[in-house]
Structure formats: C-alpha cells, structure tokens
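Notes for the one structure printed next.
The values are calculated or read from the model by the stated rules, or taken from the named source; none is laboratory data. Since the structure is predicted, the reported quantities are computational estimates derived from the model, not experimental observations. Using ideal geometry, Cβ is built from the backbone for each residue, glycine included, and neighbour counts are taken over all protein chains shown. Side chains included, ligands, DNA and RNA excluded: accessible areas come from the protein's heavy atoms. Shrake-Rupley method; radii C 1.70, N 1.55, O 1.52, S 1.80 Å.
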Amino acid sequence: MACEGRLQGKVALVTGGSRGIGRAIVQRLASEGATVYFTYRQARESAERVAMEAPEALFPVQADVRDAEAMAGVVQRIQEEQGRLDILVNNAGIARDNLLLRMKDEEWNEVLEVNLFSVFRLTRQVLPIMLRQRSGSIINISSIIGLMGNAGQANYATAKAGLIGFTKALAREVGSRNIRVNAVAPGFIETDMTAGLPDDVRTAFRQQIALRRLGKPEEVASVVAFLASDDASYITGQVLVVCGGYLIA
Ligand SMILES: NC(=O)c1ccc[n+]([C@@H]2O[C@H](COP(=O)([O-])OP(=O)(O)OC[C@H]3O[C@@H](n4cnc5c(N)ncnc54)[C@H](OP(=O)(O)O)[C@@H]3O)[C@@H](O)[C@H]2O)c1
C-alpha cells in the first residue's frame, strides 16, 4: 500500500517510465504525492495513458537517454517549471543477450550506452540542482545479474555491475551535501523484458526463487519510493536486492 503524502512537494525524474518497472515507479511516486516527469524512447501511446491517470502530476517526455542534448532539455524544463528536482530514478534499460563469442560490437555498445553511460551523463546534468538544494535522492536500477553474472549477458552484467560501482562512488562524493545515492537490484520481474523467456526457463527460475514466483513491477516500485523518501534518510551507497530470495548472500 502506498504511503500517501510521503513525497508531497517533491519533484522526480524517472527514465523509461512508459512500461514495466519504470511505469510502476512513476505511478507509485505520484500516488505518494510527487510531481513526476518521465521519459520514454518510442512508446508514446503507453506513456500518454500513464500520464492520463494524474494529468496534474505526471509529465511524459519523449527523449532517448542516449541523446545528451535532449536529456539536458528535460532537466532544464523541470528546473524552469518546478524550480527543483528531488528524486532521480535511472531506470531505462535494455538487454541484447548473446554468448560472448557471438556478441557483436553493436550489442555490447548499445547496452553499455543505454544502461551505464547515459546514467553517468544524466546524473551529471542533475547534480548541480541537487547540490544547490543541498538535498536529493538518486536511485539507480541495477540487477541481480550485475551481482552474480549470467551466461549470455556479459554486456548487461557489465553495465549493471558498473552501476553499482557508480552508486557507491557517488554516494561518497555527495553525501556531505545531503544527497543520497542507492541502487536497487531486481531479480526476475514480470515485464516485457522477461516476457520472451521460454516456459521451461521460467519454471526452472521459479524453482530457484525462495518465494517460488517472479516479482511484480509494483514490488520494485515500493522499494524505490522508500529510498526516495525521508524514511530512508540514513541510507546511502547501498544496493537493495529485490528478488524474492533468488540471491541470498
Ligand atoms: N524485468 C526484469 O526482470 C528486470 C530485472 C532486473 C533489472 N531490470 C532493470 O529494470 C529496468 C526496467 O526494466 P523493465 O523490465 O521494466 O524493461 P521494459 O519493460 O523493457 O521497459 C523499458 C523502459 O525503458 C525505456 N527505454 C529503453 N531504452 C531507452 C532509451 N534509449 N531511452 C529512453 N528510454 C528507454 C522504454 O521506453 P519505450 O517504452 O519507449 O521503449 C521503457 O519505458 C531496466 O534498467 C532493467 O535492466 C529489469
């Protein structure tokens, strides 16, 4: 259940909010009182549908996270319209799986560009606002694959592990300015990204998950909302694993 009003007066930017986990994060942050700008690459119809749920609080923007100029425009618009930015959720991500011997440069580069390099650039664009405010919460959506690896996902695992290093380094860099930086590492969540998994693979995964089921996007979104809120005021540089007990360290 959403904690009504916990994010009242806060302004958030979520990348990749048109579908899946990003959409659930957008909906959850708004339900707790935040004004939420969210980007998408191409799914305009889906993004507009999300925004219709609360037109006064939800603002969809078509912008590819790889396009630094377009993303700078998004940050500038938020600054002009809201005068602040409290929460950044770096969620947009893709997978281009292949065994390493067959992996093309484009598959490697695209995954690193979308999942990691874009996060560096957007965070650098947002930081001056949070530094001026002397407050902010940055949440990077990593993956358990970044912690444990997975055959056929060397590009994705590298990007997601990189995000964890990025999170820890930045947390140390900006903590003294009251800016918190954390990562969330979901396990197998029911979205378009996992929809293509064959039934036998799903069944095999399920057997290895302590809770014996895949997760729902809402179950990741609630953790993101917690990290975004003052309830997590003494948490920074951490990785919260949301995987139903697939990975128990
Ligand atoms: N699903 C899982 O099991 C799982 C597990 C661990 C981590 N994750 C991570 O969680 C995040 C969300 O995954 P998901 O499963 O919700 O994925 P999804 O259903 O495929 O949705 C991806 C979202 O990212 C957006 N996006 C993709 N490339 C983009 C780009 N270049 N610029 C702007 N937006 C872009 C998409 O926009 P369009 O709709 O316009 O294409 C969409 O909103 C990703 O970082 C993923 O790696 C997912």
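When the Cα atoms of region 144-206 are enclosed in a convex hull and the volume is divided per residue, what value in Å³ results? Spell out each step's value before the answer.
Working: hull volume 6.3 nm³, N = 63.
In region 144-206, the Cα convex hull volume per residue is 99 Å³.
So what is the 222 nm mean residue ellipticity for the chain from helices alone, if each DSSP H run of at least 4 adds -39500 (n - 2.57) and you divide by all residues, rounding to the nearest 500 deg cm²/dmol? The partial results should precede the final answer.
Details: 10 runs with 112 residues, N = 249.
Computed ellipticity for the chain at 222 nm equals -13500 deg cm²/dmol.
For region 11-242, what is the accessible area per residue in Å² when the probe is 1.4 Å? Kindly include the intermediate steps, with their values, before the conclusion.
Numbers: 10670 Å² over 232 residues.
With all protein chains present, region 11-242 gives 46 Å² per residue.
Could you check the simple spin-label distance between ALA249 and LEU101, using points 7 Å along Cα→Cβ, in nm with one decimal?
Result: 3.3 nm between the two label points.
Once you place label points 7 Å from the Cα toward the Cβ at ARG212 and GLU56, how far apart are they in nm?
Output for this residue pair reads 4.6 nm.
Taking amide H positions as placed 1.01 Å from N in the peptide plane, with prolines and chain starts having none, which residues 5 or more places from GLY152, or on another chain, fall under 5 Å of its amide H?
LEU100
State, to one decimal in nm², a quarter of the convex hull surface area for the C-alpha atoms of the chain, i.e. the direction-averaged projected area.
13.0
ARG96 accessible area, nearest 10 Å², 1.4 Å probe?
Using a 1.4 Å probe on the heavy atoms, I get roughly 80 Å².
Take region 129-249, drop everything but the C-alpha atoms, weight them equally and run the Debye formula without solvent; then report log10 I(q)/I(0) at 0.10, 0.18 Å⁻¹ to two decimals.
-0.34, -0.95
Please state, rounded to one decimal and in Å, the Kirkwood hydrodynamic radius that region 63-136 gives when every pair of distinct Cα atoms enters the mean of 1/r. Don't skip to the answer; put the middle values down first.
Numbers: mean 1/r = 0.0730 Å⁻¹.
Computed over Cα pairs of region 63-136, the Kirkwood hydrodynamic radius comes out at 13.7 Å.
Each residue of region 157-173 in turn: what ³J(HN,Hα) in whole Hz from Karplus with 6.51, -1.76, 1.60 and θ = phi - 60°, glycine and Pro shown as x?
Ordered by residue, 3J(HN,Hα) equals 5, 4, 5, 6, 5, x, 4, 5, x, 4, 4, 5, 5, 5, 4, 5, 6 Hz.
Rounded, prolate or oblate: which one fits region 30-97, using the alpha carbon gyration tensor with axes a ≥ b ≥ c (rounded when a/c is under 1.5, else prolate when a/b beats b/c, else oblate)? Please list the in-between numbers first.
Details: a/c = 1.70, a/b = 1.21, b/c = 1.41.
Because a/c hits 1.5 or more and a/b fails to exceed b/c, region 30-97 counts as oblate.
What FRET efficiency would be calculated for the residue pair GLU80, ARG44, taking the C-beta separation as r and a Förster radius of 30 Å, to the nearest 0.05? Can you show the working numbers first?
Details: r = 23 Å, r/R0 = 0.76.
Efficiency at R0 = 30 Å is approximately 0.85.
Using only the Cα atoms of region 167-235, each taken as one equal point scatterer with no solvent, compute I(q) by the Debye sum, divide by I(0), and report log10 of the ratio at q = 0.14, 0.17 Å⁻¹.
Values returned for q = 0.14, 0.17 Å⁻¹ are -0.59, -0.74.
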